[in-house]
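Colleague: This structure is in structure tokens; I'll ask about it shortly.
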Amino acid sequence: QVIFFRGGDQFEYYNLYRNTRLQDAVNNLYNNGGTICGTSAGMHILSSIVFTAEMGTIYPYESIENPNNKYVTLANDFMNFAPGYIFDTHVAERARFARTVGFLAYYKMNKGTEITGIGMDDMTCMTVDSTMIGTVYGTGCANIYKTGGNYSLNGTKLLAGNVLIVQLLQGCTFNFKTHKVTLPALNRT
């Protein structure tokens, strides 16, 4: 009752699995209470907005210097397990904070829709139950990105009016419907 998508190249997932019987099987399992999960590229494809990496990766500085550059390839026609979200991975390890913010800005400026980003650090996961409550496990953070202001460009460089970042550690929860965060009691050990 579990399908796991490993890391690798999310464009291969997007290009080869989209609109296929395999995608139908994944959706069917999920709709019947099964678990869908993934790591790295396999996590990227699980949100409703997907960084397809069709043109290759985009580095964080490129995302901030020009969120409209050709490497920002976002799509909303694949998996839809987290409506209104975009997932990113290796956030702390590859300093991808700016990349995720660039994705949010691109989508708001070009699609007129505000989305929420979830960036996962290595050695960290978030399980999401049937009520859409995510619980964090591991040694890093689940990074939640939400904007409250507008984006603009200074030439091609991104200017963000307001970005809220919440970093959740092991035991913290996040409600995907209400965006409410709960924090466990601190354990000094």
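Colleague: How would L29, L153, L168 rank on accessible area, largest to smallest, probe 1.4 Å?
Modeller: On the way: L29 30, L153 70, L168 0 Å².
From most exposed to least exposed: L153, L29, L168.
Colleague: Let me ask something additional. Using every alpha carbon pair in the chain, what percent of pairs falls into each 10 Å bin from 0 up to the bin containing the largest distance?
Modeller: For the chain, the binned pair fractions read 9, 38, 36, 15, 2 percent.
Colleague: Turning to a different aspect of this structure: Tell me, what % of the accessible area of the range 1-160 is carbon and sulfur with a 1.4 angstrom probe? Spell out each step's value before the answer.
Modeller: Values: 3810 of 7640 Å².
Here carbon and sulfur together make up 50 percent of the probe-accessible area.
Colleague: Give the percent of DSSP beta bridges with both residues in the chain that are antiparallel, rounded to the nearest 5.
Modeller: Values: 26 of 36 bridges.
Once the DSSP bridges in the chain are tallied, antiparallel ones form about 70 percent.
Colleague: Send over a whole-number figure in Å² for the accessible area per residue of the chain, probe 1.4 Å. Before the final figure, lay out the partial values.
Modeller: Details: 9990 Å² over 189 residues.
Counting only protein heavy atoms, the per-residue value for the chain is 53 Å².
Colleague: May I ask you to list the lysines whose Cα is less than 20 Å away from that of K111, ignoring any residue fewer than eight positions away on the same chain?
Modeller: Within the straight-line limit of under 20 Å, K111 reaches these lysines: K70, K146, K157.
The values are calculated or read from the model by the stated rules, or taken from the named source; none is laboratory data. Remember, it's a predicted structure, so these values are computed and weren't measured experimentally. We work out accessible area using only protein heavy atoms, side chains counted, and drop any ligands, DNA or RNA first. Shrake-Rupley method; radii C 1.70, N 1.55, O 1.52, S 1.80 Å.
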